[in-house]
Amino acid sequence: MSIIDRFIGLLAPYECLSCGAEGELLCQTCIQQLPMLPPQCYRCLEVSSDGRTCSACLDASELYSLRALTPYAGHAKDLVWRLKSGGARAAAAVMAKGLLPLLPRSSSQVIVPVPTASSRVRSRGYDQAGLLARELGRRSRLPCGDHLRRQGQTRQIGTSRRQRLNQLQTAFRLSGATR
């Protein structure tokens, strides 16, 4: 969180989306009360010990592993909305704090944000994925790398699942820079 965000937080602190306590968008007590998702294959939802894609689904996907803290509903959904559309940059710190225990640790890891369309960054004033990645990197002491570049400005809002999957085939390219 930036110095400006901290200063604004002192003048006009956020209230917890769940209990209304002053201080953060979602207080630590309410984060701990979120329904937790077990480690599972992201495609078939078969529970596993480490959240890896199961062998049956790995044949159809290149995604090795995916973990989520909680279902995308209720206060968690509100928190994501506040970060993406509500101007609440402080939500990135709350999300990073919740995600930190799920982060597998290895010396070869780099946190890589999926880049947001530049038109959305301009209208929002920041890149929410980059903000979250940098905050998670800061808390975990892992490097955060801008290794993906967006190609084009296609938006996924209002498109079908098939259209979104097709757009993803050419939406990004690899690049360099680790910070």
Bins of 5 Å from zero: percent of alpha-carbon pairs in the chain | 1, 7, 13, 17, 21, 20, 13, 6, 2, 0, 0
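Keeping every protein chain present and rolling a 1.4 Å probe, give me the accessible area per residue for segment 69-179 in Å². Let's see the in-between values first.
On the way: 6680 Å² over 111 residues.
On a per-residue basis, 60 Å².
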How many nm is it between the label spots at SER106 and GLN151, if each spot is 7 Å from the Cα in line with the beta carbon?
-> 2.6
Rounded percent of accessible protein surface that carbon and sulfur make up, the chain, 1.4 Å probe = 55
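Which order do you get for ILE157, ILE31 if you rank them by accessible area with a 1.4 Å probe, largest at the top? Don't skip to the end; give the middle numbers.
Details: ILE157 135, ILE31 15 Å².
Largest to smallest exposure gives the sequence ILE157, ILE31.
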Checking rank on 95-103, 56-64, with mean other Cβ inside 10 Å and highest first, the result is 95-103, 56-64
Give the long-range amide H neighbours of SER65: residues separated by 5 or more places, or on another chain, with amide H under 5 Å away, using H modelled in the peptide plane at 1.01 Å from N.
-> THR53
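Out of all Cα-Cα pairs in segment 61-135, roughly what percent, to the nearest whole number, are more than 15 Å apart? Show your work: numbers first, answer last.
Working: 1702 of 2775 pairs.
Result: 61 percent of Cα pairs exceed 15 Å.
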List every residue whose amide H lies under 5 Å from the amide H of GLU15, counting only residues 5 or more places away in sequence or on a different chain, with H placed 1.01 Å from N in the peptide plane.
-> GLY23
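The values are calculated or read from the model by the stated rules, or taken from the named source; none is laboratory data. The model shown is predicted, which means the values in this text are computed figures rather than measured ones. Heads up, the Cβs are rebuilt from the backbone with ideal geometry, glycines too, and the neighbour counts pull from every protein chain shown. To get the accessible areas, we keep the full protein, side chains included, count just its heavy atoms, and leave off ligands, DNA and RNA. Shrake-Rupley method; radii C 1.70, N 1.55, O 1.52, S 1.80 Å.
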